[in-house]
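Enquirer: The structure under discussion is supplied below as structure tokens; questions concerning it will follow.
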Amino acid sequence: MSIETPLPVLKPADFASDQDVRWCPGCGDYSILAQMKKVLPTLGLPREKIVFISGIGCSSRFPYYMNTYGMHSIHGRAPAVATGLKSTRPDLQVWVVTGDGDGLSIGGNHLMHCIRRNMDLNIILFNNRIYGLTKGQYSPTSPLGKKTKSTPMGAIDNPLHPLSIAIGAEATFVARSIDTNIKHLSEMLKRAAEHRGTAFLEVYQNCNVFNDGAWEYATNRQTKLETTLELQHGKPLIFGKDRDKGIRLNGLDPEVVELGKGIKEDDLLFHDEKSPEPSLAYLLSRMRYEDGFPEPIGVFRSVKAPQYDEMINAQVEEARKQHGKGNLDDLFNAGETWDVK
Amino acid sequence: MSTAAPEKQISNVEEATVRFCGDSGDGMQLAGTQFTTTSALAGNDVATFPDFPAEIRAPRGTKAGVSGFQIHFSSNEIYTPGDTVDALVAMNPAALATNVADLRDNGILLVNNDAFDKKGLEQAGYDTNPLEDGSLDKYKLHSVEMTKLVRLAVEGLGLSQKEADRCRNFFAMGLVFWLYDRSLDPTLRFIENKFGKKPEVAQANTKALKAGFHYGETVEAINTQYHVDPAELPAGTYRNIMGNTALAWGLLAAAQLSEKRLFLGAYPITPASDILHELSKHKHYDVLTFQAEDEIAAVTSTIGAAFAGAMAVTASSGPGIALKGEALGLAVITELPMIVINVQRGGPSTGLPTKTEQSDLWQAMYGRNGECPMCIISASGPADCFYAAQEAWRISSKYMMPVFLLTDGYIANGSEPWRIPKMSELPKIKISHPEAQDDSDENFKQFDPYTRDDNLARPWAVPGTPGLEHRLGGLEKADGTGNVSYDPENHQHMTDVRQRKVDLVADDIPEQEVNGEKTGDLLVLSWGGTYGSCTTAVRKAQAAGKKVSHCHLRYINPFPKELEAILNGFKQVLIPELNMGQLRSIIRDRFLVDAQGLNKVQGKPFSVAEISAKIDEMV
């Protein structure tokens, strides 16, 4: 019988570092930080096994505020730093904190490759649709026409949609939440943490200084039940204050329908987060408020697939099965050699 | 008609230089490496210089597609692949046109005359056939119908004509093996190993090889064989080794000597990719190789692996190093140990990918934003890469800072005999990590990641260790606590500390050697891959009675402590470099010494003659 040391019971406060949090008062980042501190003690992991890696931007200050291991790296590169860390130490739980500029603009390449490798990382993308730290330029998720300091006549590049990108790269876990919906947010953080492989979570986050109200439609108590739709696995896509609207597939296109008047729940699209095909999740990621759709929140996709961090280490083990641990003297002396007396 | 082989003479020579050249699809690199192995096994000292085009298959028969491999072998110790060629094998007119100028007068010229048809001559820019117009009269020309003879030799094996023609390089090898009195056995073993699963190919290559050898024996026109005795090298077991292989093995050794996992983050780039290939073959030594999506991910994953406690390495060439610049700043400010390898090639931009140059010294020295000093060491030759890799890791892990290791295309692809060390003879690399602490203990102290030991190294606390949780990052750190600090005095202090860490290495390296007297008329100062040609040129000058000495630098940042006194001991200083004067400018800057340069960037190493000429001009 083995004697196991019980894990210490940790509280949210145990995850707070001694550093003052320096985000602007009212920033959505505070909410995400608070939920993270609440979720981590529930995961059954000791603090030293948790690492936060970030890039550059407001969100990327996150690691300084966590009493775990962490690195505030350089702009856009957090997924790559995390890849080296996690490959070397697969026993660690590694979080990547990034933003819409950090993750999708300067670091877009790393994000895509990290996802397709299915590195076991939890990537949280704080999407505030603006460059906050550099004081208000448009970001890759800013809508067309967005007027900012760098786009006084309006943005003329099409925005990227983080979840469409993640699903396009066949992410094995894709979810969305909202900074003000703290119960949902903590549930999504927990789901992301529990997923093996790359978990990609987009959080609608309000920058109250440079882009206040960017997600107003999704957070306003009066409208949010009409403009968002909470996904539940195996359940039909229903939304609305009176839960009287749903999403139905018309051919390959989703459409908003009203329940009743001859339309039953069974006619609606049913959510299947475990579908091996990413097409449904992709379709959901394209439902946008400006096109008259409620925007889904929740888990879009959650499937199992081999993880890079495990496979890279499995190859070491496999090579050892074939060749043993190796002897460098033998390696150096293999092949053609000659002796000089 | 007599069937007996004609009488042949054997002439003993001290050394010889042979070059195989042909189309890049003609297998000249293989011919060269086989001849090298055979000469090394015969006990000669050898030095090689492969020279190939950047295109994998440039248009056949063109000058752009010519690939060459030069081998210098000797009964004495040698340091370079040779200035001029004693025997040149040219498989087509383009190869002849681009290489014949390097053949010494009265040198042996072996030509595949079947390739000298109208089209081949035109592609090489010949108006008349040089084999017939007398323009090659100053050489011992042997015009051989190689294509025809090879086709005859492999007849009956069921090979297509194209497949038969692919054996031509073995015919050329056989002929050169005969010419230099070499055994066919190593190459026969190679054929068996390489083509054993394709018996018809193995048989065809064997037949072509022997046909070449017998051709030499039989043909009356070639009446002299040359023999080079074994060299007197220090006792031991030797093998031939290429620079990139030696470097990869040096990394493996360093990982084992420091009891570390080895992590290589790399993106394919010429001429560094072979380091990635070699390490990928040795995963069972606890090696993780990560082929990243780009150079930036290669270096930042390396930083992640260093944070995780591995021996972390990234390897690239100039353009890749340029992309890594910002991340190297992160490595410097986080004070994490790692090796950054630059196998230099011709620049700027894509430049000359397959050609050698030493023009990234400034990049290594200055190529980052902010005050961002990095320790720089350089390997002097293929075998030295093995030791340079270990030295880089010793310094990096001891001082907790990234270290640049510079090699170049010439070292990376060149080869030389290497006296194989025993692992037990190599010094261990001691690394310690701070121990876990219990945060419920009353003596628990918040861990400060930027406290320092006598070497100014901070503790390498590895994620996963209880009680040492800390955060690193690219923002300036307060010394001690490692918290973000914008304090003006602290920034000055940390900038000074990062510089002092590099400077401290000067107290921790071997005394700088001088080859020759410590004072004199001229000091030749060199670094990196020019070691061989500088050594040879200086020895010649010394033999001629000149007061010339040679100082070859392994450590460029910091310089060895003795360097200033050494420089001051000479009336003149000459710095030959395959760049436009990068070390020279650093030396002038540091020591106010009016050093002269010998500089070229032509994608080729220095010949000994070039350096000798400059020495003769100066003293």
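Enquirer: Can you say what percent of the DSSP beta bridges in chain B, counting only those with both residues inside, are antiparallel? Round to 5.
Expert: Beta bridges within chain B, antiparallel portion: roughly 30 percent.
Enquirer: In addition: What do you get for Rg/Rh over segment B:97-213 if you use C-alpha atoms and the Kirkwood form of Rh?
Expert: So for segment B:97-213, dividing Rg by the Kirkwood Rh gives 1.02.
Enquirer: Considering all alpha-carbon pairs of chain B, what whole percent are spaced by more than 43 angstrom?
Expert: 28
Enquirer: OK, next. Give me the Kirkwood hydrodynamic radius of chain A in Å, from all C-alpha pairs, to one decimal place?
Expert: 21.7
Enquirer: Excluding same-chain residues fewer than 8 positions from residue B:428, which aspartates and glutamates have a Cα within less than 16 Å of its Cα?
Expert: A:329, B:259, B:391, B:508
Enquirer: Okay, moving on. What's the lysine pair count for segment A:119-232 at a Cα cut-off below 19 Å, pairs eight or more apart or interchain?
Expert: Close lysine pairs found across segment A:119-232: 4.
Enquirer: Continuing with this model, one more query. If you take the square roots of the eigenvalues of the alpha-carbon gyration tensor of segment B:520-618 and sort them as a ≥ b ≥ c, do you get rounded (a/c under 1.5), prolate (a/b over b/c) or oblate?
Expert: Here segment B:520-618 falls in the oblate category.
Enquirer: With θ set to phi - 60° and the Karplus curve 6.51 cos²θ - 1.76 cosθ + 1.60, what are the ³J(HN,Hα) couplings of segment B:346-359 in order, to the nearest whole Hz, using x for Gly and Pro?
Expert: Listing the rounded values in order: x, x, x, 6, 5, x, 10, x, 9, 10, 8, 6, 10, 9 Hz.
Enquirer: Hey, can you grab everything whose amide H is under 5 Å from the amide H of residue B:476? Only 5+ residues off in sequence or another chain; H modelled, so Pro and N-termini drop out.
Expert: B:485
Enquirer: Next up: Shielding of B:224-233 by partners, i.e. mean partner chain Cβ atoms within 10 Å per residue?
Expert: Partner-chain Cβ atoms within 10 Å, mean over residues of B:224-233: 1.
Enquirer: Which value in Å is the Kirkwood Rh of the protein assembly as shown over different Cα pairs?
Expert: So the Kirkwood estimate lands at 31.5 Å.
Enquirer: Check the straight Cα-Cα distances from residue A:261 and name the aspartates and glutamates below 17 Å, setting aside those fewer than 8 residues away within the same chain.
Expert: Residue A:261 reaches A:242, A:244.
Enquirer: Before rounding to the nearest 500, sum -39500 (n - 2.57) across all DSSP H runs of length at least 4 in the protein assembly as shown and divide by the residue total; then give [θ] at 222 nm in deg cm²/dmol. Before the final figure, lay out each step's value.
Expert: Working: 30 runs with 310 residues, N = 960.
Helix contribution divided over all residues of the protein assembly as shown: -9500 deg cm²/dmol.
Enquirer: Additional query: Between residue B:518 and residue A:318, with labels modelled 7 Å along Cα→Cβ, what's the label distance in nm to one decimal, could you check?
Expert: For the pair residue B:518/residue A:318, the computed spacing is 5.9 nm.
Enquirer: Based on the alpha-carbon gyration tensor of segment A:26-123 and its eigenvalue square roots a ≥ b ≥ c, which shape applies: rounded if a/c is under 1.5, prolate if not and a/b is larger than b/c, or oblate?
Expert: oblate
Enquirer: I would also like to ask the following. Filter A:86/B:445; A:11/B:445; B:540/B:571; A:11/A:304; B:430/B:477 down to the pairs with a C-alpha to C-alpha distance above 25 Å, please.
Expert: Listed pairs above 25 Å: A:86/B:445; A:11/A:304; B:430/B:477.
Enquirer: Moving on. Would you tell me the mean number of C-beta atoms belonging to other protein chains that fall within 10 Å of each C-beta in B:415-425, as a whole number? Can you show the working numbers first?
Expert: Values: counts 0, 0, 3, 2, 1, 5, 3, 4, 6, 1, 0.
Mean shielding by partner chains, rounded to a whole number: 2.
Enquirer: Which of the aspartates and glutamates could a cross-linker bridge to residue B:518, judged by Cα under 13 Å and excluding same-chain residues fewer than eight apart?
Expert: Correct list for residue B:518: B:562, B:564.
Enquirer: Which FRET efficiency, nearest 0.05, do residue B:424 and residue B:13 yield, Cβ-Cβ r, R0 45 Å?
Expert: Computed FRET efficiency for residue B:424 and residue B:13: 0.70.
Enquirer: A follow-up question, please. If each residue of separation counts as 0.36 nm, what is the full-extension length gain between residue B:507 and residue B:616 once their alpha-carbon separation is subtracted?
Expert: 35.7 nm
Enquirer: If you split all Cα-Cα distances of segment B:322-459 into 10 Å bins from zero, what percentages do you get per bin, shortest first?
Expert: So the P(r) values, bin by bin, are 10, 32, 30, 18, 7, 3, 0.
Enquirer: When DSSP beta bridges are limited to those with both residues in the protein assembly as shown, what percentage is antiparallel, rounded to the nearest 5?
Expert: Values: 48 of 138 bridges.
Bridges in the protein assembly as shown that DSSP calls antiparallel: roughly 35 percent.
Enquirer: Do me a favour and compute the ellipsoid semi-axes for segment A:203-341 from its Cα gyration tensor, root of five times each eigenvalue, largest one first, whole Å.
Expert: 56, 21, 11
Enquirer: When the Cα centres of segment B:297-360 and segment A:66-118 are compared, how far apart do they sit, in Å?
Expert: 19
Enquirer: May I ask which of B:63/B:138; B:398/B:604; B:118/B:140 have a Cα-Cα span longer than 28 Å here?
Expert: B:398/B:604
No lab work stands behind these numbers, since they all come straight from the coordinates. Note that the structure is a prediction, hence the values are computed from the model and not measured. Note that we place each Cβ from the backbone using ideal geometry, even for glycine, and neighbour counts take in every protein chain shown.
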